[in-house]
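The values are calculated or read from the model by the stated rules, or taken from the named source; none is laboratory data. Every value quoted in this text rests on a predicted model; they were computed, and no experiment measured them. No Cβ is skipped: glycine too gets one built from the backbone with ideal geometry, and neighbour counts run over all protein chains shown.
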Number of protein chains: 2
Amino acid sequence: MPLIDLASLKPLFAPQSVAVIGASADPGKIGGAPVNFMKTSGFKGRLIPVNPNAKEIQGLPAFPTIADVDGPIDLAVFAVPAALVLPALEACAKKGVRSVAMFSAGFAEVSDEGRRQQERMTAIARDAKMRLLGPNCMGVVNFANRMVATFHAGFAQIEQGGRIGMVSQSGAFGGLSHMIARDRGLSFTYCMTTGNEADVEASDCLAFLAQDPATRVVLLYLEGVRNGPKFIEALELARANNKPVVAIKLGATDVGAKAAASHTASLAGADAAYDALFRQYGVYRARNFEEFFDIGYACAIGDVPHGRSVGLVTVSGGVGVLMADEAVSRGLDVTPLPEAAQAKVKALVPIAGTGNPIDVTGQVVADIGLFEKALQIVIADGGYDSLVSFIGSAGRNQDRMDRLHRLWADLRRQYPRKLLVTSGLNTPASRAHLQTFGVLSFEEPTYAVRAIAALAWFGEALASPIEKPAPSPRLPIPSMPMNEVETMVLLRRAGLPMVDERLAKNAAEAERAAAELGFPVVLKVVSADILHKSDVGGVALDLKDAAAVREAFKRIMTTVRSHEPKARIDGCLVAPMVGDGVETILGVNRDPVLGPVVMFGLGGIFVEALKDVTFRVAPFGLKEAHRMIRDIRAYPILEGLRGRPPADVDALAETLSRLSAFTAAHADDIESLDLNPVMVRPKGKGVVALDAVLVPRTRR
Amino acid sequence: MPLIDLASLKPLFAPQSVAVIGASADPGKIGGAPVNFMKTSGFKGRLIPVNPNAKEIQGLPAFPTIADVDGPIDLAVFAVPAALVLPALEACAKKGVRSVAMFSAGFAEVSDEGRRQQERMTAIARDAKMRLLGPNCMGVVNFANRMVATFHAGFAQIEQGGRIGMVSQSGAFGGLSHMIARDRGLSFTYCMTTGNEADVEASDCLAFLAQDPATRVVLLYLEGVRNGPKFIEALELARANNKPVVAIKLGATDVGAKAAASHTASLAGADAAYDALFRQYGVYRARNFEEFFDIGYACAIGDVPHGRSVGLVTVSGGVGVLMADEAVSRGLDVTPLPEAAQAKVKALVPIAGTGNPIDVTGQVVADIGLFEKALQIVIADGGYDSLVSFIGSAGRNQDRMDRLHRLWADLRRQYPRKLLVTSGLNTPASRAHLQTFGVLSFEEPTYAVRAIAALAWFGEALASPIEKPAPSPRLPIPSMPMNEVETMVLLRRAGLPMVDERLAKNAAEAERAAAELGFPVVLKVVSADILHKSDVGGVALDLKDAAAVREAFKRIMTTVRSHEPKARIDGCLVAPMVGDGVETILGVNRDPVLGPVVMFGLGGIFVEALKDVTFRVAPFGLKEAHRMIRDIRAYPILEGLRGRPPADVDALAETLSRLSAFTAAHADDIESLDLNPVMVRPKGKGVVALDAVLVPRTRR
């Protein structure tokens, strides 16, 4: 059963009737602004001011209470002080109001008493099957039906509906985002702010926009989600609908995370978990506003290219190099133009650079026709998936720009499957014109390249469906810590490749176990009273035959007893000696919001000194596991260095995916789990985990 | 003797008299534009059109040839076809013209014949002590004396002189840069483009601007320098004059570098060498235009802060977090506000976040006075070196903005030593007003933080003088490859800590050598005929006493002879066994332009798989060597991990600096030099290089 109830959100986001509780005659007041804005915007439904002290508000008939309103109410906007909220909410419930957007502040974000009131609010709303946005939010704007349920001055005038859906947990940012977007000539389908999230969460908004046909891309401004599985469900919906999501997630550093936690009542998960989740679900993470809106613009206007190859055409050699550097550093493919096409460009401009970038030089300043012809050649003969041009200052010359506009319109008709992007000085009018036929325009050439890389990344990320691993068997996890033998047995039952070790109570059993396992073997003393086995002579390595095993068993018993006369000794573990593997660590930690997060890295110094590790939210399939393995910087070591054979990464990926499935299935029972070391043996020989520590979850 | 002759550049960059050779009556033509531009700008010197076919050009008396001009000529601008260049240049030389700026193209950038003509040009200019800018350049503009020696339409109108000096190797970019700067409300002191650099190089321009009092910051657009030592001299001059340099250096990736090489006649050095040089000399490397002009603006308008602590004041909690994340990731210090000051802020705005960021919340929308008071508290009590605010959309409200302008002006007067920065939606007029009293204004809050980090970085980079190591003794380097013994001897004489090893011809000598060196020792066979010593049993490790040494010597001789009966064997090297060090690699490679570049990294897998290495241009002192050591990601290994003692990084730094001095002193003789491995022993025990390979330079 889905966690998100999409149908119930419609009255909130696309209401036919909106009541404003606390409506004011003064459009400058918090209760006057939404009435004023909706009158100005031309709201397509019924607008109902509610105020006990007025017969009429801003020219509309007013009602003393919500109960007095005739007819159904899809949405009630709350612009009243905190003290009046609960009675009014109960009145709404009684009246059968279908949703509420609450500006009122002073709840969970300020005090424990506020938190209790907010919990009461949630209960009232849930009982009445009434959706509740806020409190402490800036409301919601629906650009298509002209519904402006907010008091933020940034929405005093709204443009026609666009293609970008905006979800913001911060109210202030919601309003600002609209102004920034307008400065850049972008327009929204919806702008939703969620505030304290007493009921409706950012995940609900994302899911709603994911299935909205007018929304081509969702911009998500996130402090931290409250409910991991719900967020994942929303991301899956966006993925299923092929909808790109661009996110700013606050708290990338520890200081940032601390500030995020104090700012709202949000329980932000650790940042690594979010970063992992975004990578898994194809969410583009922007580092600042510039990038957030740039990539949003690219997704709203441009199409995803069919691959990573890009042709760079420039009027300045230097800028061509700058774009090439950026393209390569972002993993785009800067293949040279075919020789024959290079010759054609040379015939036009003898001093042109014709590889890629194709530098038609400053000569085009004198003759813009040369640029047109060169662009035609590159797009026709280059076979590139995307084409980006740098036109210098030509964008500031109206005649030249008119010609270039015609050229791009023609190219777009001729090559509808190619992504066309231009850069250089431009004007808002030129940018607006180009976007009518899907050509992207940037001033900064490296941002043009970044946008192409982002679209190519979305193309790949959205192409493959989310792959789920085979379900893991449910096993009983004891709530008390297990000893190493029990842990190994449990994990082996879960299908994890734990080393095949046997407990031997005496030398004869050890010899027999070794013969069964095959030589060489290792022996380790088993005792709950001994922590550091090698310190007391409790370990023997590389025992090559039965005699060595027998002798080692006896030596271990003697030495350990002499060091720890009182220790209770259960015998020795006998295990095969694994000498031909690369040492890795597989770990799982439970994120309070996003659940089990799997970590992978190379063992020893790589984890400790270099922090060369990567994360994924569990569960995930084989492809994701392979991507995970290739994430770490030390990956070449697994490919085989200095003549060493390549390691069995297929088996490693299998283990990672299986581990993720196991911990996901036991998310409530496991706090953390470390497999360390896991030896990745040469290709075809598999992996083997030599030790494991499982910390059961303490339930509170 | 300096390589750069500053006095000779004055007639070129600040001429009193400018002749335009090939002057045209048509201001749209390449020879008409500079005449037109200088008339419009109000050039403060004498402007002299030269054209054999006109008596008068654009209202000025014209001369048929340069010889006919009365009086001295500081600068002759060449706007004639390539074929006419050499005779005209000779005429200039004869006339005693002091400098030439040449737009004419078609020389080294197109053909070998062009290259020969350009070499002739250089010879004529040098013989006549006449400085030559170009050919194939876009000229030079001096904003103070209104001298516009260019044909780029971007300079048709120039504003009053500013504080930014621009040097561009690309002509197209030079023109564009002026338009971009103008869009951002910035103005230049000079804009210089160097084209093919037949004589005047970007380094000359940089040096000239470094000592120009009006220029507060130099923006450098670089494809690659021709003369490393000259570039370094210019950088030293900038450093000595406390002048920040911001650079775009093209070719950060291999593809980019290839394109850069084909674009101009430039011999771009490897990018790692430039990156190293920039770090050593405090040049800020920008990755795109946005960053280039942003940091240029910050340096032109703002002051370097006194430290890295920054107070963040915001009207949006989320944006505060975004700024905090950016600040931390750029190494700024986001210390919380003192408790007492936090209480003062809370008294103003009870729901404020008061740590750092200080979030005064959306309440300031209603009462801007709260924001003013909070800012006053934070600056007075926070002790921060810099203060950055985020004001949301307040910058679009004229009344609020006027109040904030007054506030910032007051704060600036009260706290002249603090760097004040604001962010949020703004207007060009507001930005221009704030810069009159040194307050920086950005739309993007993360760029505001980036600018503070850049200024703090300059503060540190420019604070300490460039430190030069003690000179290295000059030693004769044979031009033929040396054997390992000779190499070790040579490097030991250079003061490098080569392992103390002895050649032993027989077992008795080996025993004696071992006794002198101290046990344990290693033995290695010495034979020019044997490459892989351990493959033929030619190595013995960890020999603990005389008997072991004797036995090992004999065994080596027997085994090696049985494998390689015909090999000429000189005996064995006896060396101390070093078992307690961290394995590192020190290497030197000769960059064709920048000379010897020293590399450092940890040995084995770290260099091979992780490419965890860092570079510096030789020579450098101890402080730089220490910075170099801390550069690598694996640095924690040298600090001591898993209970291992910290390594002797002081001795390592000493060795790096000495190696840099040695290779700098022998730059003409050494192509490459590897010390591998170099064992860094525990603190106080020094470092020891166990092997070395020196490749002498083959002179062409």
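The sole residue among B:ASP580, B:ASP535, B:ASP570, B:ASP542 that is among the charged types (D, E, K, R), more than 17 Å from B:PHE278 (Cα to Cα) and within 14 Å of chain A (Cβ to nearest Cβ) is B:ASP535. Considering segment B:255-279, the residues that are out of contact with any strand residue (DSSP E or B) (no Cβ under 6 Å at 6 or more places or on another chain) and away from every other protein chain (no Cβ under 12 Å) include one that is modelled with the lowest pLDDT, namely B:LEU267. Contact map, segment A:46-66: first residue more than 22 Å from A:PRO11 (Cβ to Cβ), second residue hydroxyl-bearing (Ser, Thr, Tyr), Cβ cut-off under 6 Å, separation 6 or more or different chains; the map is empty.
So that you can scan it fast, the table gives a plain yes or no per residue for (1) hydroxyl-bearing (Ser, Thr, Tyr); (2) farther than 30 Å from B:THR427 by Cβ; (3) out of contact with any helix residue (DSSP H, G or I) (no Cβ under 6 Å at 6 or more places or on another chain):
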position: B:PHE107; (1), (2), (3): no, yes, no
position: B:LYS129; (1), (2), (3): no, yes, yes
position: B:CYS137; (1), (2), (3): no, yes, no
position: B:ASN145; (1), (2), (3): no, yes, yes
position: B:ILE158; (1), (2), (3): no, no, no
position: B:GLY162; (1), (2), (3): no, no, yes
position: B:GLY174; (1), (2), (3): no, no, yes
position: B:HIS178; (1), (2), (3): no, no, no
position: B:THR189; (1), (2), (3): yes, no, yes
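When only residues in segment B:326-382 that are of a type in the set (Asp, Glu) and without any contact (Cβ under 8 Å) to a residue 12 or more places away in the chain count, which is farthest from A:SER170 (Cα to Cα)? This residue is B:GLU339. For segment A:178-214, the set of residues classified as under 26 Å from A:ARG115 (Cβ atoms), touching a strand residue (DSSP E or B) at 6+ places or on another chain (Cβ under 8 Å) and within 14 Å of another protein chain (Cβ to nearest Cβ) consists of A:THR193, A:THR194, A:GLY195, A:ALA202, listed by residue number. The one condition from (1) crowded, with 22+ Cβ neighbours inside 10 Å; (2) within 29 Å of B:GLY228 (Cβ to Cβ) that B:ARG697 does not meet is (1). For segment B:26-59, a residue qualifies if it is within 12 Å of B:ALA149 (Cα to Cα) and assigned to a loop (DSSP other than H, G, I, E, B), and the qualifying residues are B:ILE30, B:GLY31, B:GLY32, B:PHE43.
The single residue among A:ALA300, A:ALA272 that is crowded, with 22+ Cβ neighbours inside 10 Å and in a helix (DSSP H, G or I) turns out to be A:ALA300.
If you filter segment A:583-619 down to residues that are within 14 Å of another protein chain (Cβ to nearest Cβ) and of a type in the set (Gly, Ala, Ser), you find that the one that is farthest from A:PRO469 (Cα to Cα) is A:ALA609. Can you confirm whether segment A:440-457 contains a residue that is in a helix (DSSP H, G or I) and free of Cβ contacts under 8 Å to residues at least 40 places away in the same chain? No - not one qualifying residue is present in segment A:440-457. Scanning segment B:334-351 for residues that are crowded, with 19+ Cβ neighbours inside 10 Å, more than 9 Å from chain A (Cβ to nearest Cβ) and not in a helix (DSSP H, G or I) turns up B:LEU337, B:VAL349.
Selection within segment B:239-254: residues that are closer than 23 Å to B:MET1 by Cβ and either buried (at least 24 other Cβ atoms within 10 Å of the Cβ) or not aliphatic (A, V, I, L, M) (or both). The member of this set that is nearest to the other protein chains (Cβ to nearest Cβ) is B:LYS243. Here the condition is being in contact with a Leu (Cβ under 8 Å, 6 or more places away or on another chain) and within 20 Å of A:ALA609 (Cβ to Cβ); of B:ARG633, B:ARG627, B:ARG644, it holds for B:ARG633 alone. Need pairs with beta-carbon distance below 8 Å; first residue within 23 Å of B:PHE151 (Cβ to Cβ) and within segment B:105-127, second among the polar types (S, T, N, Q) and assigned to a helix (DSSP H, G or I); sequence gap 6+ or separate chains. Going by the 8 Å Cβ cut-off, the qualifying pairs are B:PHE107/B:GLN117; B:PHE107/B:GLN118; B:ALA108/B:GLN118.
Sub-8 Å Cβ pairs linking a first residue in segment A:303-323 that is within 13 Å of another protein chain (Cβ to nearest Cβ) and under 24 Å from A:LEU348 (Cα atoms) to a second residue that is of a type in the set (Lys, Arg) and part of a helix (DSSP H, G or I), at least 6 apart or interchain, number zero.
Does B:ALA14 count as modelled with pLDDT under 95, surrounded by fewer than 24 Cβ atoms within 10 Å (Cβ to Cβ) and within 28 Å of B:MET166 (Cβ to Cβ)? It is false that B:ALA14 is modelled with pLDDT under 95, surrounded by fewer than 24 Cβ atoms within 10 Å (Cβ to Cβ) and within 28 Å of B:MET166 (Cβ to Cβ). Residues in segment A:510-540 that are among the β-branched types (Val, Ile, Thr) and either surrounded by fewer than 16 Cβ atoms within 10 Å (Cβ to Cβ) or assigned to a strand (DSSP E or B) (or both): A:VAL521, A:VAL522, A:VAL525, A:VAL526, A:VAL539. Output yes when any residue across segment A:34-43 is farther than 18 Å from A:VAL97 by Cβ, in contact with a Pro (Cβ under 6 Å, 6 or more places away or on another chain) and surrounded by 14 or more Cβ atoms within 10 Å (Cβ to Cβ), and no when none is. For segment A:34-43, residues farther than 18 Å from A:VAL97 by Cβ, in contact with a Pro (Cβ under 6 Å, 6 or more places away or on another chain) and surrounded by 14 or more Cβ atoms within 10 Å (Cβ to Cβ): present. Filtering segment B:133-177 to residues that are at pLDDT 95 or above, within 13 Å of another protein chain (Cβ to nearest Cβ) and within 19 Å of B:GLU291 (Cβ to Cβ) leaves B:VAL167, B:SER168.
Looking only at residues in segment A:642-663 that are out of contact with any Gly (no Cβ under 9 Å at 6 or more places or on another chain) and part of a loop (DSSP other than H, G, I, E, B), the one that is surrounded by the fewest Cβ atoms within 10 Å (Cβ to Cβ) is A:GLY643.
Given the structure, is A:GLY331 within 14 Å of chain B (Cβ to nearest Cβ) and surrounded by fewer than 23 Cβ atoms within 10 Å (Cβ to Cβ)? Yes; evaluated as a whole, the condition is true for this residue.
Restricting attention to segment A:220-238, does a residue exist that is of a type in the set (Val, Ile, Thr), in a loop (DSSP other than H, G, I, E, B) and touching a strand residue (DSSP E or B) at 6+ places or on another chain (Cβ under 7 Å)? So far as segment A:220-238 goes, no, none of its residues is of a type in the set (Val, Ile, Thr), in a loop (DSSP other than H, G, I, E, B) and touching a strand residue (DSSP E or B) at 6+ places or on another chain (Cβ under 7 Å). How many of the residues making up segment A:428-462 are buried (at least 18 other Cβ atoms within 10 Å of the Cβ) and within 14 Å of chain B (Cβ to nearest Cβ)? Adding up the residues that qualify gives 10. Among the residues examined, A:GLU119 does not qualify as of a type outside the set (Ser, Thr, Tyr) and either crowded, with 24+ Cβ neighbours inside 10 Å or within 14 Å of another protein chain (Cβ to nearest Cβ) (or both). Scanning segment A:352-387 for residues that are part of a loop (DSSP other than H, G, I, E, B), touching a Gly at 6+ places or on another chain (Cβ under 8 Å) and more than 12 Å from chain B (Cβ to nearest Cβ), we see that the one that is surrounded by the most Cβ atoms within 10 Å (Cβ to Cβ) is A:TYR384.
One residue stands out among those in segment A:606-632 that are closer than 16 Å to A:ALA272 by Cβ and more than 19 Å from the chain's Cα centre (by Cα): the one that is surrounded by the fewest Cβ atoms within 10 Å (Cβ to Cβ), which is A:LYS611.
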